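The structure appears below as structure tokens.
Please treat every number below as a calculation from the coordinates, not as lab data. Just so we're clear, the structure is a prediction, and the values are computed from it rather than from any experiment. All Cβ positions, glycine included, derive from the backbone under ideal geometry; neighbour counts span all protein chains shown.
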Amino acid sequence: EQQVKEIKDSFASLYQSNNDLEEFCICHQLNPINVWYWFKEANILPQARAAKITLEFLADSIRTLLHQDEDGIIPLVGLPGEAVLIQRLEQLCLQNGFTTAQFMQLDSLLGRPINEYLEQYFFKNLSNHLNLFMYLPKTPFIWHLSSGQHQGFEVFVLIYKWNRDSLFKIKSQYISFRQQNLEYRFIQLQDVNTAQAQNEKEKIRYQLEEIELFKSKVDELIAEGYDPKLDDGVGKNIAPLQKKGLLKAEVLKSKQLTKYLNADW
């Protein structure tokens with residue numbers, strides 16, 4: 001109890017621009033999930049700062065999940081036999097002492113439903129958050145691969161596990177399973193003529209079209225010999241993905257993209 005009180009009393013240091021959740025946890029030798037929960041209980045920071053610390057909490061938690069995952073690839077959309085990111089994130093929080101109600105409070109801290117935030121805003125916000133120097137390229141360690149606005153195919157990947165085999169696996173397993181899942185759902189709705197069913201069938205058609213285009217871009221990358229190496233850095237590894245339009249948001253500026261596409265180191 002005394003230790004928790006002392007930690008809560010030191011939360012004011014999180015106001016400092018040079019201090020983030022990870023540094024705070026390292027300094028106090030604490031689990032980020034516990035610190036975040038105590039911080040939420042303390043209710044001392046303004047909304048903008050709370051949202052920033054919640055982003056750091058999510059980044060740390062998602063990195064943990066991706067590290068635990070065998071291939072460092074986690075889908076945001078339904079795949080047979082594979083739990084989606086939001087399910088894994090909730091399970092991780094519950095295992096670390098959250099209640100379901102407390103997990104749902106993330107929505108209010110983020111200013112929108114957490115699923116929507118992960119699907120639409122997390123990758124861009126994380127990239128911007130890590131961009132400490134405007135003249136240097138952004139260096140996100142979690143990447144969001146997306147087929148487009150209809151969300152036919154969406155996965156998070158971890159740079160530390162990203163390699164040439166990852167791309168083959170995305171094509172042969174993840175994309176294939178997602179297509180099968182959508183096609184099966186379309187067959188289920190074949191003879192259903194309600195307005196809701198018609199809308200879902202139309203959405204599935206758009207998603208399948210998106211996936212085909214996404215898959216063709218992956219094929220192009222493989223044919224071009226894309227072979228990412230961690231030591232080459234974020235810029236060189238992510239540039240070909242951005243050029244093909246495989247990312248949820250652009251990471252590199254135009255000149256940076258050209259530079260890294262032509263890098264020969």
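May I ask for the net charge around TYR206, where only other residues with Cβ less than 13 Å from the Cβ of TYR206 are counted and Lys, Arg are +1 while Asp, Glu are -1? Spell out each step's value before the answer.
Details: positive: LYS201, LYS203, ARG205; negative: GLU200, GLU202, GLU209, GLU210, GLU212.
Combined, the nearby Lys, Arg, Asp and Glu give -2.
Each label point is 7 Å from the Cα along the Cα-to-Cβ direction; what then is the distance between the points at GLN68 and GLU209, in nm?
Output for this residue pair reads 3.9 nm.
In percent, how large is the relative contact order of the stretch 185-264, given Cα pairs closer than 8 Å and 6 or more residues apart? Please report the intermediate quantities before stating the final value.
Values: 31 pairs, mean separation 16.6, N = 80.
Taking the mean separation of contacting Cα pairs over the length of the stretch 185-264, I get 21 percent.
How do SER166, SER127 line up, fewest other C-beta atoms within 10 Å first? Please list the in-between numbers first.
Numbers: SER166 19, SER127 24.
Ordered from fewest to most neighbouring Cβ atoms within 10 Å, SER166, SER127 come out as SER166, SER127.
Figure the gain on full extension for GLN105 and THR139 (residue separation times 0.36 nm, minus the Cα-Cα span) and round it to one decimal in nm.
On the way: separation 34, 0.36 × 34 = 12.24 nm, distance 2.89 nm.
Length difference between fully extended and current span is 9.4 nm.
Mind giving me the FRET efficiency for ARG164 and PHE186? R0 is 30 Å, r the Cβ-Cβ distance, nearest 0.05 is fine. All intermediate terms of the calculation are to be shown ahead of the outcome.
Working: r = 33 Å, r/R0 = 1.08.
Result of the calculation: an efficiency of 0.40.
May I ask you to derive the relative contact order of the stretch 46-261, considering only C-alpha pairs under 8 Å and at least 6 residues apart, and to give it as an integer percent? Present the calculation step by step, with values, prior to reporting the outcome.
Working: 236 pairs, mean separation 50.3, N = 216.
Value for the stretch 46-261: 23 percent.
Order by neighbour count: TYR135, TYR260, fewest other Cβ atoms within 10 Å first, most last.
Values: TYR135 7, TYR260 21.
So the residues, fewest neighbours to most, are TYR135, TYR260.
Describe numerically, in nm with one decimal, the distance between label points set 7 Å from Cα along Cα→Cβ at LEU94 and at ASN199.
That separation, rounded to one decimal, is 2.9 nm.
I'd like to compare 52-61, 78-87: which one has the highest average count of other Cβ atoms within 10 Å, and what's the full order after that? Write out the running numbers ahead of the final one.
Working: 52-61: 20.4, 78-87: 14.6.
Highest-to-lowest ranking by the protection proxy: 52-61, 78-87.
Full-extension gain between ILE222 and ASN128, please, as 0.36 nm times their residue separation minus the C-alpha to C-alpha distance. Working shown, then result.
On the way: separation 94, 0.36 × 94 = 33.84 nm, distance 2.88 nm.
Separation in residues times 0.36 nm, less the Cα-Cα distance, equals 31.0 nm.
Length gain on complete extension for the stretch SER176 to ASN115, per 0.36 nm per residue less the alpha carbon to alpha carbon distance?
Details: separation 61, 0.36 × 61 = 21.96 nm, distance 2.34 nm.
19.6 nm is the gain from fully extending SER176 to ASN115.
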